[in-house]
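Below you'll find the structure, written out as structure tokens, and then a few comments.
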Amino acid sequence: MEELKGSRFAHVTKAHPCFNEKMHDKVGRAHVPIAPKCNIYCNFCTRDINQDENRPGVASCVMNTDDAIEHVENVTKEGPIAVVGVAGPGDSLANEATFEFFEKLGKTNPDLIKCMSTNGLLLPDYAERIAKLGVNTVTVTVNAVDPEIAKDIYTFINYNGKIYKGKEAVEILIKNQLEGIEKLSNLGVIIKVNSVLIPGLNDEHIVEIAKEVKKRGASLMNVLPLIPLNKMKDYPRPTCAEIEKVRDEVEEVLPVFRACTQCRADAYGIPGKKSEDKHLGMTPASHY
Ligand code: SF4
Ligand code: SF4
Ligand code: SF4
């Protein structure tokens, strides 16, 4: 299994701009904004539909899956897109459209790498379905593996039709994230874990996250600076030195991806090349 995973990792990461820093300014990804709903409340998150903010959780529209396939057809003609991802603007697994989309994409563009990002709440339930659809890479955002820390990052989760708050909520979330990573990784899907660095809250804890997710089969970590918004608007934005320190610590445990600049849920083009990185808000609606 390890060997099989190793060869899959090499094959996929050779062409994936979010798993291989050397490709971040060479090949492109296209995010299709088809997943507006979310099933948890992260205290730093403000999802929005707008044209100008450059951050996750933002898209200029929500597409249906047929429009998303047409969008992929168009952008793959424009440039070297290797990866198609569902990255919100909500949670990919909280939206049935994500599954519908990958099913269609598997028929129309079987050679593109299929990618998604998720908070992981529903991963244990959907791991087999994700693997069956041929999704190659999944990014799971894990901001704490200690409920005492996590309870200050999340307000609630909506799980199986019920709202959970406080410690009860985060215990379910952490359990599902870790179980889900293990399940998915055992099914051969390559996993990157994103952790949002929140100064004074989880900055000394991220290395613990790395150790736990490594045990469950994650291949790569991405430590991202908090964008202080919503209930966390008064938190400081981490400095470059703080981010580097944590990345160095994590690198002792797992490889770290350092080129991420946190893009929108409707970004497309080459992420590391400013002139070739676009999003749907920049495209006249009549164009597609
Ligand atoms: Fe926002 Fe993503 Fe958290 Fe949902 S999981 S609240 S979309 S950051
Ligand atoms: Fe990259 Fe995440 Fe988008 Fe996948 S979902 S293409 S890892 S940014
Ligand atoms: Fe993925 Fe970050 Fe690169 Fe965007 S900037 S494509 S989120 S690694």
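Below is a table of values for the structure above.
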item: Qualifying position, being within 16 Å of ligand 3 (Cβ to nearest atom) and of a type in the set (Asp, Glu), among 52, 25; result: 25
item: Test result for residue 55, on the phi < 0 side of the Ramachandran plot, part of a strand (DSSP E or B) and under 15 Å from the mean Cα position of the chain (by Cα); result: no
item: Of all residues in the stretch 31-58 being of a type in the set (A, V, I, L, M) and out of contact with any Lys or Arg (no Cβ under 6 Å at 6 or more places or on another chain), the one that is farthest from ligand 1 (Cβ to nearest atom); result: 32
item: Checklist (1) assigned to a helix (DSSP H, G or I); (2) more than 17 Å from the chain's Cα centre (by Cα) applied to residue 26, failing item; result: (1)
item: Test: residue in the stretch 268-285 that is surrounded by fewer than 21 Cβ atoms within 10 Å (Cβ to Cβ), assigned to a helix (DSSP H, G or I), away from ligand 3 (no atom under 14 Å from the Cβ) and not aliphatic (A, V, I, L, M); result: yes
item: Subset of the stretch 194-211 [touching a helix residue (DSSP H, G or I) at 6+ places or on another chain (Cβ under 6 Å) and in contact (Cβ under 8 Å) with a residue 60 or more places away in the chain]; result: 205
item: Candidates 62, 75 - the one that is outside any helix (DSSP H, G or I) and either of a type in the set (Val, Ile, Thr) or within 22 Å of residue 182 (Cβ to Cβ) (or both); result: 62
item: Odd one out for residue 22, checked against (1) under 19 Å from residue 138 (Cβ atoms); (2) modelled with pLDDT of 80 or more; (3) basic (Lys, Arg); result: (1)
item: Residue among 46, 65 that is hydroxyl-bearing (Ser, Thr, Tyr) and open to solvent by less than 20 Å² (accessible area, probe 1.4 Å); result: 65
item: Residues of the stretch 217-264 classified as within 13 Å of ligand 2 (Cβ to nearest atom) and not in a loop (DSSP other than H, G, I, E, B), total; result: 4
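Conditions (1) within 15 Å of the chain's Cα centre (by Cα); (2) of a type in the set (S, T, N, Q); (3) modelled with pLDDT of 95 or more, marked per residue:
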residue: 195; (1), (2), (3): yes, yes, yes
residue: 212; (1), (2), (3): no, no, yes
residue: 218; (1), (2), (3): yes, no, yes
residue: 227; (1), (2), (3): no, no, no
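The values are calculated or read from the model by the stated rules, or taken from the named source; none is laboratory data. Here the structure is a predicted model, which means the values were calculated and not measured. With ideal geometry, Cβ positions are generated from the backbone for all residues, glycine too; neighbour counts draw on all protein chains shown. With ligands, DNA and RNA removed, areas are computed over all heavy atoms of the protein, side chains included. Shrake-Rupley method; radii C 1.70, N 1.55, O 1.52, S 1.80 Å.
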